[in-house]
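Report on the following structure.
The values are calculated or read from the model by the stated rules, or taken from the named source; none is laboratory data. Here the structure is a predicted model, which is why all the values come from computation and not from measurement. Positions of Cβ are backbone-derived with ideal geometry, glycine not excepted, and every protein chain shown enters the neighbour counts. In case anyone asks, the SASA skips ligands and DNA or RNA and just uses the protein heavy atoms, side chains included. Shrake-Rupley method; radii C 1.70, N 1.55, O 1.52, S 1.80 Å.
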Amino acid sequence: MPELLVPDVRFHQSFLASHREWDGATQDGAGIHGDDDVLSADGFATYVAELVASERTPRRPGLVTDTYRWIVEGDEYLGAISFRHELTEYLENFGGHIGYGIRPSARRRGLATWALARTLDMARERGYDRVLVTCRDDNVASARTVEKNGGVLEDRRAHGETLMRRYWIPLA
Ligand SMILES: CC(C)(COP(=O)(O)OP(=O)(O)OC[C@H]1O[C@@H](n2cnc3c(N)ncnc32)[C@H](O)[C@@H]1OP(=O)(O)O)[C@@H](O)C(=O)NCCC(=O)NCCS
């Protein structure tokens with residue numbers, strides 16, 4: 001059974017195996033910035049501490065506070081999901097409240113659909129009556145994940161060359 005857990009250094013080895021699978025692609029939901037060192041033990045501890053602290057302190061100037069959860073099964077790190085507490089102009093147009101990513105070897109098992117549902121429960125408990133989730137127009141898997149969780153397409157907006165779908169998910 002998968003679980004959503006607060007990020008923890010005990011998953012470092014499994015995180016590294018996942019990191020290799022991603023092979024340099026952007027790990028949506030993991031909150032990795034260009035200057036993060038997730039490879040060394042010390043760097044990983046700093047990254048994890050910042051993810052946990054971002055519940056109250058934004059990780060970088062211009063970012064909002066954010067709840068990070070890891071999708072794990074036993075000792076295995078499977079993916080990450082983040083819930084951004086408010087929308088900046090950028091998030092309102094392109095980024096949305098919630099981001100997620102599943103390591104390649106764990107995809108198509110229903111994990112993203114499950115993790116988004118649990119995160120919507122969290123948002124509901126915190127008093128949100130709707131959240132915005134976006135994805136690239138050609139990201140069939142993510143669009144399906146949002147639609148299975150009740151997402152209603154509001155529009156598509158161009159972010160440079162990229163067309164983003166914007167879905168609102170009602171929580172009431
Ligand atoms: C998008 C992503 C999170 C989906 O994760 P997942 O755990 O594989 O998704 P699920 O297993 O919950 O599947 C959700 C739906 O998408 C469909 N789906 C998943 N992968 C698919 C694919 N490659 N092509 C077509 N449909 C796909 C599933 O069949 C399911 O729909 P169904 O129940 O109608 O069959 C994952 O592919 C991923 O991490 N991609 C890279 C990062 C990313 O795009 N993140 C989202 C940014 S908005």
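Number of residues in the stretch 27-62 that are free of Cβ contacts under 8 Å to residues at least 60 places away in the same chain and either in contact with a Gly (Cβ under 9 Å, 6 or more places away or on another chain) or not in a helix (DSSP H, G or I) (or both): the value is 22.
If you go through the stretch 1-23 and keep only what is open to solvent by 40 Å² or more (accessible area, probe 1.4 Å), farther than 22 Å from residue 55 by Cα and in a helix (DSSP H, G or I), you end up with 13, 19, 20, 21. Scanning the stretch 24-46 for residues that are among the aliphatic types (A, V, I, L, M) and surrounded by fewer than 16 Cβ atoms within 10 Å (Cβ to Cβ) yields 25, 39, 41, 45.
Here is the figure for the stretch 116-135: residues that are closer than 18 Å to residue 80 by Cα and basic (Lys, Arg) total 1. When restricted to residues that are more than 9 Å from the ligand (Cβ to nearest atom) and either at pLDDT below 95 or not aromatic (Phe, Trp, Tyr) (or both), the stretch 96-129 contains 14. Residue 159 meets the conditions (1) under 20 Å from residue 80 (Cβ atoms); (2) touching a helix residue (DSSP H, G or I) at 6+ places or on another chain (Cβ under 6 Å); (3) more than 10 Å from the ligand (Cβ to nearest atom) in every case but one. The failed one is (1).
Within the option set 6, 38, 64, being among the β-branched types (Val, Ile, Thr) and more than 15 Å from the chain's Cα centre (by Cα) holds for one residue only, 38.
Sort through 127, 101, 151 and tell me the only one that's without any contact (Cβ under 8 Å) to a residue 24 or more places away in the chain and surrounded by 14 or more Cβ atoms within 10 Å (Cβ to Cβ). Within the list 127, 101, 151, the selection yields 151.
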